[in-house]
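Peer 1: Structure incoming, see below.
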Amino acid sequence: MDYKVNAGGCLRGQITVPGDKSISHRVVMLGAIAEGVTEADGLLEGADVLATIAAFRSMGVRIDGPRQGHLRIEGVGLRGLQAPADTIDCGNSGTAMRLLTGLLAGQGFDSSLTGDDSLQRRPMGRVLTPLAQMGAEIEAQDGRAPLHIHGRPLRGIHYDLPVASAQVKSAVLLAGLYATGDTCVREPAPTRDHSERMLQGFGQPLRVDGAQRCLSPGAHLRGQSLRVPGDISSAAFFLLGASIAAKSDLLLEGVGINPTRTGIVEILTRMGARIDLLRLREVGGEPVADLRVRHAPLRGIDIPARLVPLAIDEFPAIFIAAAAADGVTRIHGAEELRVKESDRIAVMAAGLRSLGIVVEELADGAIIHGGALGAGEVASHGDHRIAMAFAMAGLIARGPIHIRDCANVATSFPNFPELARAAGLDLEVQSS
Ligand code: S3P
């Protein structure tokens, strides 16, 4: 499936983006291993989260929904999962695969995990290394999926993460629920802390000391009722589009603004964007606000390295903002982008160049020279966020942009075309 975006227009009105993907995965996982019923509203019904739901169904967990964002999970307790009859298919989802690997390593049964071509290319060694130190026995294909997990008793470890990764941190903490002794992780830079917040919300105490988080197993997780906030990573495309398109004035309702996720707001604001955080409140243990974004001229900046992990999924949008900005934007310290759903440095650089933008590719980032975006064709390489970022570029391009291979937008933002059109983007969905 392809997108054709006709040039021009602006984004106006009020929209609600779907539920947060990271939080939605974690609700399903913790709800499944908690005791009692968990009910969630506002859950993301994207393919990635549906893969996590299917995984727990295959391990004997009764899950009703999702229906209009509502999900009901009958938790089976920490030791209540059953051996899945088949290989668990994580689809395109790195979060599903890495967190499940941690959660399954200490079970009393074996399991296998696989995923699509993109996921089978992504590094899993980063979770296998600490899990092996805990006593896990997991076979991989040269550090990649498919994974075969032989459930084993685990022991707690103190692990210093070599990469700033919330998935690795979460995988080790989830394995720690099944280990003997304490499990501690220390991260080199702050990453999203949804696992920590939600573990505590479900009744698992966690000791946070600077960059270190420790848990002692033995607590009972209890089912919860909670609302999932809107995904700031999905809102990011609208923050981008409304910032770059003249006459835009858009309100994004109920977006999660957890400080480990708001790097995009800080980066765009440093570039000159006009974003207001309104009606600050707390939803499901997470800070939430309505975001009002109005058009403003952007200028190129040097992106501080400390903001990279706090905006790690937003770089496709940031590349487009940089292309639309006056002057040069430099991105460093972002080598993790090379192992996302696609190599986002290479794919964004190639796409922008095909629209006439000068981009210097670096091993750990890029130097982007702001300029006029021409019409053209862009390969998304099946990467949802690359497809959505280039769709927004259409607002300021000099002619139509064709974006190839956009079906995976459904992994994180199934109603993106409808919502983008409602806000003012002239987007056509075409079969390839
Ligand atoms: C996620 C963590 C990040 C992010 C991904 C979701 C999570 O990955 O890119 O989209 O839910 O924990 P890394 O941990 O690989 O940085």
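The values are calculated or read from the model by the stated rules, or taken from the named source; none is laboratory data. Since we're looking at a predicted model, the values are computed, not measured. Here the Cβ positions follow ideal geometry from the backbone for every residue, glycine too, while neighbour counts run over all protein chains shown. For the accessible areas, the whole protein counts, side chains as well, though only heavy atoms, and no ligand, DNA or RNA atoms are used. Shrake-Rupley method; radii C 1.70, N 1.55, O 1.52, S 1.80 Å.
Peer 1: With the structure loaded, tell me whether residue 228 is within 16 Å of the ligand (Cβ to nearest atom) and within 23 Å of residue 423 (Cα to Cα) or whether it fails that test.
Peer 2: yes
Peer 1: Sticking with this structure for a sec: Starting from residues that are touching a Gly at 6+ places or on another chain (Cβ under 7 Å) and open to solvent by less than 10 Å² (accessible area, probe 1.4 Å), keep the ones in the range 328-344 and report whichever is farthest from the ligand (Cβ to nearest atom).
Peer 2: By that ranking, first place goes to 329.
Peer 1: Then there is this: With the structure loaded, tell me whether residue 163 is crowded, with 19+ Cβ neighbours inside 10 Å and of a type in the set (Val, Ile, Thr) or whether it fails that test.
Peer 2: no
Peer 1: Against the definition (more than 16 Å from the ligand (Cβ to nearest atom), surrounded by 18 or more Cβ atoms within 10 Å (Cβ to Cβ) and among the hydroxyl-bearing types (Ser, Thr, Tyr)), how does residue 38 come out, yes or no?
Peer 2: For residue 38, the condition - more than 16 Å from the ligand (Cβ to nearest atom), surrounded by 18 or more Cβ atoms within 10 Å (Cβ to Cβ) and among the hydroxyl-bearing types (Ser, Thr, Tyr) - is met.
Peer 1: Regarding residue 136, is this residue hydrophobic (A, V, I, L, M, F, W, C), at pLDDT 95 or above, open to solvent by 30 Å² or more (accessible area, probe 1.4 Å) and farther than 24 Å from residue 24 by Cβ?
Peer 2: Here the answer is no, as residue 136 does not meet what is asked.
Peer 1: Spot the failing condition for residue 104; the list is (1) outside any strand (DSSP E or B); (2) of a type in the set (A, V, I, L, M, F, W, C); (3) open to solvent by 10 Å² or more (accessible area, probe 1.4 Å), and only one is missed.
Peer 2: (3)
Peer 1: If the requirement is being in contact (Cβ under 8 Å) with a residue 60 or more places away in the chain and touching a strand residue (DSSP E or B) at 6+ places or on another chain (Cβ under 6 Å), which of these qualifies: 179, 236? Steps first, answer last, please.
Peer 2: Working: 236 fails: touching a strand residue (DSSP E or B) at 6+ places or on another chain (Cβ under 6 Å).
Sole residue among the options that is in contact (Cβ under 8 Å) with a residue 60 or more places away in the chain and touching a strand residue (DSSP E or B) at 6+ places or on another chain (Cβ under 6 Å): 179.
Peer 1: What residue, among those in the range 108-167 that are hydrophobic (A, V, I, L, M, F, W, C) and part of a strand (DSSP E or B), is nearest to the ligand (Cβ to nearest atom)?
Peer 2: The selected residue is 145.
Peer 1: Any residue at all in the range 217-229 that is within 28 Å of residue 319 (Cβ to Cβ) and either touching a Ser or Thr at 6+ places or on another chain (Cβ under 6 Å) or surrounded by fewer than 24 Cβ atoms within 10 Å (Cβ to Cβ) (or both)?
Peer 2: Within the range 217-229, one or more residues are within 28 Å of residue 319 (Cβ to Cβ) and either touching a Ser or Thr at 6+ places or on another chain (Cβ under 6 Å) or surrounded by fewer than 24 Cβ atoms within 10 Å (Cβ to Cβ) (or both).
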